[in-house]
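This report concerns only the one structure given below.
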Amino acid sequence: MQTENKHIAIVGAGLVGSLLSIYLVKRGYKVTVFERRANMREHILDGGRSINLALSNRGIRALEYIGLAEPMKKMAIPMHGRMMHNVKGELTFQSYGKNGQFINSVSRSGLNMMLMDEAEKQGVHFFYEYRCEDVDFDKTEIKFQTYGSHMTRKFDMIIGADGAFSAVREAMERKELTQSTIDSLEHGYKELRIPSSDSGAFLLQKNALHIWPRESFMLIALPNPDASFTCTLFLPFEGKESFKNLNSPESITKFFQTYFPDTVPLMDTLQEDFRDNATSSLVTVRCYPWVKNNTLLIGDAAHGIVPFYGQGMNAGFEDCFVFNELLDKHQDDWTAVLSEFQEVRKPDNDAIAQLALDNFVEMRDLVADEDFLLRKKIEAKLHEHFPDQWIPLYSMVTFEETMRYSDAQANGILQHKVMTEVMKDPNIKNNWEELDFKSIVDRLSELRSN
């Protein structure tokens, strides 16, 4: 497909759809984006939906390519590690990586609006309150409902970037053109808020992702540029400690006083936030194939993941980056690009989906566990002495933007096996600093070569 006069429709004006539209319009395509919701730049959209996100190296690389990394940094707050809060309010800080490495807390809507503005500046057309009702995959046509009327539009390519509950994917499923599963956790989440102080200062340490791990549930907080924190409570829907049982102001107050007492003086709108913000589900979307004729699924529409590795947006942005690389490689031969794209990205997105599920257990259960913290210290020391041979799994996923997620997962499995052997030493707590770190790295090399 040559670029001139080729018209591409993107369904979904979220982060991935808006970013991809910029990549494509820069290549010379005519690009139109259709969004079922109102224009977020003119209307306040429904609250309670992951207001801010963690942007790391993979996502930044995708923004750098189109010149938006620097503008993004002006709206981002660096987070250098996790700040753990125990029930007594005592704090423990764990760095994310080496000195100077950090992830960024960014506003979902702020970043989305910046991408929309740039896309329009480049010549992308946006249509809002257009709901995709069906797709004809043979004719490359979309049936829309807008303002009470129905219409059908024909395109050269259709890209479904419309999120975990994608209408384009549902159309593929109805016609049995793809197989998908949506797995829900028994946990849901609710957005809450810690405001700034009366003087406009941060009430918690600014440059950290705050976690209150409580085994079967947890609270997290990310900083915002206005000195507030967006908090997210992850809690089972059912059971003793659950959303079901937080059904009155008294039960909510008692729950927070019991498990998160240091937050109670800080959350002056706790009751209102709990009442007004939706309790949302946490889903993993797996689907294949992502392609039918001239229609493609991308981002969460193809591979929605839970938020516990902070990689959902980064994985979607990496989709756009890789897709653009393949367009270069195949000189805009879309048949070749679509085929290779799903083959390359499917294993990587399966890997990060599993890693995100695993990291939920780590965040809520293990970050306060003595053995786990010792493992992390030993791994940090290994990385310090042998920076190229031992890279902690979190660093591979978050900071090694050229490493595939699937390779990071495979390396992580081998490293876990080696560390399990190391931790069997009955005196490990006393002698860990005297370990033969070279032999540990050699053991990892041996496993890799087998």
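Read-outs: derived from the displayed coordinates by stated rules, not from any lab. Here the structure is a predicted model, which is why all the values come from computation and not from measurement. When we count neighbours, we look across all protein chains shown, and the Cβ atoms used for this are built from the backbone with ideal geometry, even at glycine.
Charging the Cβ of each Asp and Glu at -1 and of each Lys and Arg at +1, and nothing else, the dipole of the chain about its Cα centre rounds to 380 debye. From largest to smallest, the equivalent ellipsoid semi-axes obtained for segment 369-449 from the alpha-carbon gyration tensor read 21, 13, 12 Å.
Mean residue ellipticity, 222 nm, helices only, the chain: the sum of -39500 (n - 2.57) across DSSP H runs of n ≥ 4, divided by residue count and rounded to 500, is -12000 deg cm²/dmol. Counting only residues at least eight positions apart within a chain, or on another chain, the lysines with an alpha carbon under 21 Å from that of LYS240 are LYS190, LYS254. Its relative contact order, with pairs defined as Cα atoms under 8 Å and 6+ residues apart, puts the chain at 18 percent. Taking the fewest neighbouring Cβ atoms within 10 Å as the starting point, the ordered list for MET172, MET113 is MET113, MET172. Derived scalar couplings between HN and Hα for segment 77-93 equal 10, x, 10, 8, x, 8, 10, 8, 10, 8, 5, 7, x, 6, 10, 9, 9 Hz in order, rounded to whole Hz, by the Karplus curve 6.51 cos²θ - 1.76 cosθ + 1.60 (θ = phi - 60°), x for Gly and Pro.
Whole Å is fine, so just give me how far the alpha carbon centre of segment 96-150 lies from that of segment 60-91. The two parts, judged by their Cα centres, are 22 Å apart.
For segment 185-281, how big is the tail of P(r) above 16 Å, as a whole percent of Cα pairs? The share of Cα pairs beyond 16 Å in segment 185-281 comes to 54 percent.
Averaging Cα coordinates gives a centre for segment 393-438 and one for segment 335-391; these two points are 10 Å apart. When each of ASP300, ASP358, ASP442 is scored by the number of other beta-carbon atoms lying within 10 Å, the sequence from fewest to most is ASP442, ASP358, ASP300. Shape descriptor for the chain: Rg over Rh equals 0.98 (Cα atoms; Rh from the Kirkwood inverse mean 1/r).
Counting other Cβ atoms within 10 Å as a rough exposure proxy, the listed residues LEU326, LEU111 run LEU326, LEU111 from fewest neighbours to most.
Within a straight-line Cα-Cα reach of under 15 Å, LYS376 can be paired with the following aspartates and glutamates, leaving aside sequence neighbours fewer than 8 residues apart in one chain: GLU362, ASP365, GLU384, GLU421, GLU433.
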